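Enquirer: I have a structure here, written as structure tokens, and I will follow up with some questions on it.
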Amino acid sequence: MTYLPHTDSDRAEMLEAAGVERVEDLFRDVPEACRFPELRLPEPLSEMELLAELRAMSEENQDADHFPCFLGAGAYHHYVPRVVDAIISRSEFYTAYTPYQPEVSQGTLQSIFEYQSMICALTGMEVANASHYDGATATAEAVIMALNVARGKRGRVLLSPTLHPEYRAVVRTYAQGTGIQIAGDDARPDLTVPPALPPLDKETACVVVQYPDFLGQVQDLGQLAEQVHAVGALLVVAADPVSLGLLQAPGHLGADIVVGEGQAFGNGLSFGGPYLGIFACRERDVRKMAGRLVGETVDVEGRRGYVLTLATREQHIRRDKATSNICTNEALCALAAAVHLAALGRSGVRKLAELCYHKSHFAASQVAQLPDYHVYDARPFVQEFVVRCPAPVADINAYLLDEWGIIGGYDLARDYPHLPNHMLLCVTEVIRREEIDVLVRGLEDAAKEVAR
């Protein structure tokens, strides 16, 4: 924080500039009976004392930096290299607005172009935009784009029941009042088999699935893509970018649009935001894509330069021709992701995914040995897996936090009522083996204390 005490000379100079003699004169328009109420404020503190008090207050937070965190479900605790903060803290980045004037915005434009390039490499797609608000917004925009690609001739959208519940909710919010028919997401997913979707037909504009899905499980996108394309629909894949370091890219499996939550790269949990909406598609559909796009070109002297291209926002063209009126560029979050990806490199991204994979599978094997718990591991997973517990998840999580100092998993009964006592556990690279051991002992004790 900034600590700027005022000296007597500072106060005198400000009062002179304001044209008054005393601070009290600034309140002359306030009725006298209402002036200077007794606020019972604490005594003033020095800079050193104030920082010590704020530090002590911050230590009361139950956050992922102080407690082992096994909670994922769309927001993940990953290590962010220090180089990320060093770059995004430069004033030319964190104070920049949308780079409408390329002649003075080459640095910002190039950073966005590099981000887009890395997202294309990660997702296996041909074009990526300059990002959206978050994964949920990107998913909703993908649905709108698929409808635009169909030129209004198709009005049916199928959502997988294992698509993130918040993504499904945002899609339905976007669709309100449009006549779009949304189906599939009200099914009750079975943890032992891939989620079922309603039959595809010529009215289907797109199918939206998650990879890995909200339950952490990986399904065969290639076979699904063939079925979707057979009826002329588009396949939209909401992908976890960290898992793509290990899994085959959705673009190589037939996806037409790839979206996702990019928070895991370069952006901390941050109390829920701001986050980063990844959006990539095929070049053939680029003119239907929402959001900003930075392209590479040359100037009149043949020098390489970067510009906003295909700007189809309502501010740039006629409103009825715009592809989106919500296409805010989360440039600083995108820059953080780009710096993180560049620091890791191709092999580093794969290593990160492998660490998550092996640690989560080790945790699953240990929890599976507990007699009162059942781990669903028949289908592939990367960093999240489902555990059936002997008691309500809320009670077990409260016990883990109070008695063991552990932030437990996600209570699936919140979104899937047919899965009571089912917990979604997440293990990322920051979790140590000792912390997994503590989790297992905590779950074992919880079975005795909470479930009895």
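The values are calculated or read from the model by the stated rules, or taken from the named source; none is laboratory data. Please read all numbers here as calculations on a predicted model, not as lab measurements. Using ideal geometry, Cβ is built from the backbone for each residue, glycine included, and neighbour counts are taken over all protein chains shown.
Enquirer: For the range 301-321, name all the residues that are modelled with pLDDT of 90 or more and not in a strand (DSSP E or B).
Expert: Within the range 301-321, Glu301, Gly302, Arg303 meet the criteria.
Enquirer: OK, next. Which condition from (1) within 20 Å of the chain's Cα centre (by Cα); (2) among the small types (Gly, Ala, Ser); (3) over 30 Å from Val84 (Cβ atoms) is the one that Ala337 breaks?
Expert: Ala337 satisfies every listed condition except (3).
Enquirer: Kindly provide the set of residues from the range 193-210 that are closer than 16 Å to Leu424 by Cβ and either surrounded by fewer than 19 Cβ atoms within 10 Å (Cβ to Cβ) or in contact with a Pro (Cβ under 6 Å, 6 or more places away or on another chain) (or both), ordered by number.
Expert: Pro195
Enquirer: Return the residues of the range 262-305 that are over 20 Å from Met145 (Cα atoms), in contact (Cβ under 8 Å) with a residue 40 or more places away in the chain and surrounded by fewer than 13 Cβ atoms within 10 Å (Cβ to Cβ); say none if nothing qualifies.
Expert: Within the range 262-305, Gly272 is the sole residue that qualifies.
Enquirer: Would you tally the residues in the range 410-452 being without any contact (Cβ under 8 Å) to a residue 12 or more places away in the chain and not charged (D, E, K, R)?
Expert: Adding up the residues that qualify gives 1.
Enquirer: On the basis of being more than 21 Å from Asp377 (Cβ to Cβ), touching a helix residue (DSSP H, G or I) at 6+ places or on another chain (Cβ under 7 Å), acidic (Asp, Glu) and assigned to a helix (DSSP H, G or I), does Glu166 make the cut?
Expert: Against the criterion (more than 21 Å from Asp377 (Cβ to Cβ), touching a helix residue (DSSP H, G or I) at 6+ places or on another chain (Cβ under 7 Å), acidic (Asp, Glu) and assigned to a helix (DSSP H, G or I)), Glu166 qualifies.
Enquirer: Among the residues of the range 420-452, count how many are part of a loop (DSSP other than H, G, I, E, B) and under 25 Å from the mean Cα position of the chain (by Cα).
Expert: Total satisfying the criteria: 6.
Enquirer: Only residues that are under 21 Å from the mean Cα position of the chain (by Cα) and either among the hydroxyl-bearing types (Ser, Thr, Tyr) or outside any loop (DSSP other than H, G, I, E, B) (or both): list them for the range 53-93, please.
Expert: Cys69, Tyr76, Tyr79, Arg82, Val83, Val84, Asp85, Ile87, Ile88, Ser89, Phe93
Enquirer: List pairs: first residue in the range 87-105 and in the same structural domain as Gly295 (by TED's automatic domain parsing), second residue part of a loop (DSSP other than H, G, I, E, B) and of a type in the set (A, V, I, L, M) anywhere in the structure, Cβ distance under 8 angstrom, at least six positions apart or on different chains.
Expert: So the pair list comes out as Ser105/Ala96.
Enquirer: Residue check: is Ala391 part of a helix (DSSP H, G or I) and over 17 Å from Ser360 (Cβ atoms)?
Expert: So Ala391 does not fit the description; no.
Enquirer: Further question: Among the candidates Gln383, Gln369, single out the residue that is surrounded by fewer than 18 Cβ atoms within 10 Å (Cβ to Cβ), modelled with pLDDT of 95 or more and either at negative phi or not assigned by TED's automatic domain parsing to the domain that holds Met289 (or both).
Expert: Gln369
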